Amino acid sequence: MSFSGQVVFVTGGGSGMGRLAAQRMAEAGAKVAATDVNEAGLAETARGHEGIFTWRLDVTDNQAVLAIVKEVEDRLGPIDRVYNAAAIMPTGLLMEQDTETILRVMEIDYNGVVHVAKAVLPGMLERGRGDMINFASIAGWGPSLHFGAYNAAKFAVVAFSEVLYHENRGKGVRIIAVCPPPVATPLLDQATSKPKVLEQAGKPIEPGQVLDAIERDLDKGKAFCFPTAQTKFAQILRRFVPGLVWSWVHRIEDH
């Protein structure tokens with residue numbers, strides 16, 4: 001698929017899903033604005049890709065987001081696609097995590113999505129085209145021990161994205177929330193409390209599988225992307241038999 005001449009804005013572009021998204025888009029002909037607080041990671045992302053331009057950006061800073069979006073559009077042109085991939089995932093039991101950490105997860109994983117959407121989406125709606133891709137997680141549907149802070153942030157991304165999708169139907173902009181299972185990226189290394197559910201979740205899927213699923217479900221006009229059949233099934237179980245899901249979690253974590 002060619003994205004020649006299009007402008008793509010990526011948060012969390014210094015590693016993981018954001019890095020691969022930026023590189024894929026550049027290889028498809030897009031001009032990519034890769035952003036992150038990790039400047040060394042951004043340099044690695046851009047290496048060998050003439051179409052990737054980098055900006056240091058803290059997505060929790062709304063004024064900085066507004067300024068960088070304007071700078072990107074002044075330099076590269078109107079933004080056609082956004083990958084809201086910036087995230088952190090420190091794990092731990094909620095009463096053992098410090099309050100600052102819990103709130104920091106929300107500030108990056110959710111507030112960052114809001115800041116970017118509010119900065120970019122008005123222009124997309126005015127032009128009547130564009131893609132807004134928000135990274136949620138299956139953790140945004142099914143809570144689990146050790147993941148309380150991350151669950152809360154990703155639940156918020158799911159709700160925000162769903163309402164945003166329905167408020168802007170028929171306006172030419174495709175909005176989707178991506179809800180993958182564990183993915184083989186450095187984000188998993190932040191699960192320092194070693195939740196047992198991660199061991200039971202099976203082998204993490206590859207980032208490319210997630211990006212392929214996004215393209216498939218964008219073309220279908222879906223509000224949510226579940227990259228695997230197991231992820232969709234997990235969402236259904238959580239919706240209709242939450243007690244069964246919690247029984248499974250306790251059976252794993254309490255032993």
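No lab work stands behind these numbers, since they all come straight from the coordinates. This is a predicted model, so every value here is computed, not measured. Note that we place each Cβ from the backbone using ideal geometry, even for glycine, and neighbour counts take in every protein chain shown.
Table for the structure above
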item: Residue list for region 114-151, filter: among the aliphatic types (A, V, I, L, M) and farther than 17 Å from residue 187 by Cα; result: 114, 116, 117, 119, 120, 121, 124, 125, 132, 133, 145
item: Matching residues, region 145-169, being hydrophobic (A, V, I, L, M, F, W, C) and in contact (Cβ under 8 Å) with a residue 12 or more places away in the chain; result: 145, 147, 149, 152, 153, 155, 156, 157, 158, 160, 164
item: Only one of 79, 52, 88 that is surrounded by fewer than 22 Cβ atoms within 10 Å (Cβ to Cβ) and either of a type outside the set (Phe, Trp, Tyr) or touching a strand residue (DSSP E or B) at 6+ places or on another chain (Cβ under 8 Å) (or both); result: 88
item: Among residues of region 14-37, those that are not in a helix (DSSP H, G or I) and not small (Gly, Ala, Ser), counted; result: 5
item: Residues that are farther than 11 Å from residue 10 by Cβ and among the hydrophobic types (A, V, I, L, M, F, W, C), drawn from region 60-75; result: 64, 65, 66, 67, 68, 69
item: Qualifying strands (runs of 3 or more DSSP E) (wholly inside region 40-144; at least 3 residues being over 25 Å from residue 238 (Cβ atoms), touching a residue at least 40 places away in the same chain (Cβ under 8 Å) and not small (Gly, Ala, Ser)); result: 81-84
